[in-house]
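Step one of this worksheet: look at the structure below.
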Amino acid sequence: MCARAVNNLACPDNSFDLGRSPVNFAAGSGLSLDRVPWTIKNLPTPVPVQGLDGSAFVFRLESGNTVRSTLFTISGTALAMADEGLPQAVAEARVTDGRSVIEHTLAWPEPPERIESCSMGMTFFGGQPPATRTL
């Protein structure tokens, strides 16, 4: 089961919808548009995480002169399950070593520090997701 995130974007009952279009920031929102979007500057880099039954990858993200890292983890259960038993975003993230979910956070003012993926969904830790979305 996924852990609860401090920013309340936890799975499964409050999952972040990865299928939406990129965020458009409204003028006067207080968000710095000069640091958006972030770009991925490396291939998914496998990293060991003590106590993790699964896989972990770190991504280096850049926006101007600012550099951040995001750790993506996926549980062993999610790795072992058939695609049909997983949320679509988790199945896609498994195939791309997390890149597909990282790409959906590139429009955030601050990217998440860590994303945990499990058989029920994803939990985002840290970062600053967009305050509002226009659909």
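The values are calculated or read from the model by the stated rules, or taken from the named source; none is laboratory data. Model, not experiment: these values are computed from the prediction. Positions of Cβ are backbone-derived with ideal geometry, glycine not excepted, and every protein chain shown enters the neighbour counts.
Considering only region 117-135, state which residues are under 15 Å from Thr73 (Cα atoms) and assigned to a loop (DSSP other than H, G, I, E, B). Steps first, answer last, please.
Step one: of region 117-135, the residues under 15 Å from Thr73 (Cα atoms) are 117-126.
Residues satisfying the conditions are Ser119, Met120, Gly126.
For Ala131, are the conditions met, namely being surrounded by fewer than 21 Cβ atoms within 10 Å (Cβ to Cβ), more than 11 Å from the chain's Cα centre (by Cα) and modelled with pLDDT of 95 or more? Don't jump to the end; show me each part of the working.
Values: surrounded by fewer than 21 Cβ atoms within 10 Å (Cβ to Cβ): yes; more than 11 Å from the chain's Cα centre (by Cα): yes; modelled with pLDDT of 95 or more: no.
No; evaluated as a whole, the condition is false for this residue.
If I go through region 62-92 residue by residue, how many of them are within 20 Å of Trp108 (Cβ to Cβ), free of Cβ contacts under 8 Å to residues at least 40 places away in the same chain and in contact with a Lys or Arg (Cβ under 8 Å, 6 or more places away or on another chain)?
5
Matching residues to (1) touching a Ser or Thr at 6+ places or on another chain (Cβ under 7 Å); (2) over 17 Å from Thr45 (Cα atoms); (3) modelled with pLDDT of 95 or more; (4) not charged (D, E, K, R):
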position: Ala82; (1), (2), (3), (4): no, yes, yes, yes
position: Ala91; (1), (2), (3), (4): no, yes, yes, yes
position: Val95; (1), (2), (3), (4): no, no, yes, yes
position: Arg99; (1), (2), (3), (4): no, no, yes, no
position: Ile102; (1), (2), (3), (4): yes, no, yes, yes
position: Ala107; (1), (2), (3), (4): no, yes, no, yes
position: Pro112; (1), (2), (3), (4): yes, no, yes, yes
position: Ile115; (1), (2), (3), (4): yes, no, yes, yes
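List the pairs whose first member sits in region 41-52 and is within 17 Å of Gly76 (Cβ to Cβ), whose second member is of a type in the set (A, V, I, L, M) and surrounded by 12 or more Cβ atoms within 10 Å (Cβ to Cβ), and whose Cβ atoms are under 9 Å apart, counting only residues at least 6 apart or on separate chains?
Cβ pairs passing all conditions: Pro46/Ala56; Pro46/Val58; Val47/Ala56; Val47/Val58; Val47/Leu71; Pro48/Ala56; Val49/Ala56; Val49/Leu71.
Within region 93-103, which residues are crowded, with 20+ Cβ neighbours inside 10 Å and either touching a residue at least 60 places away in the same chain (Cβ under 8 Å) or under 15 Å from Trp38 (Cβ atoms) (or both)?
Selection gives Gly98, Val101, Ile102.
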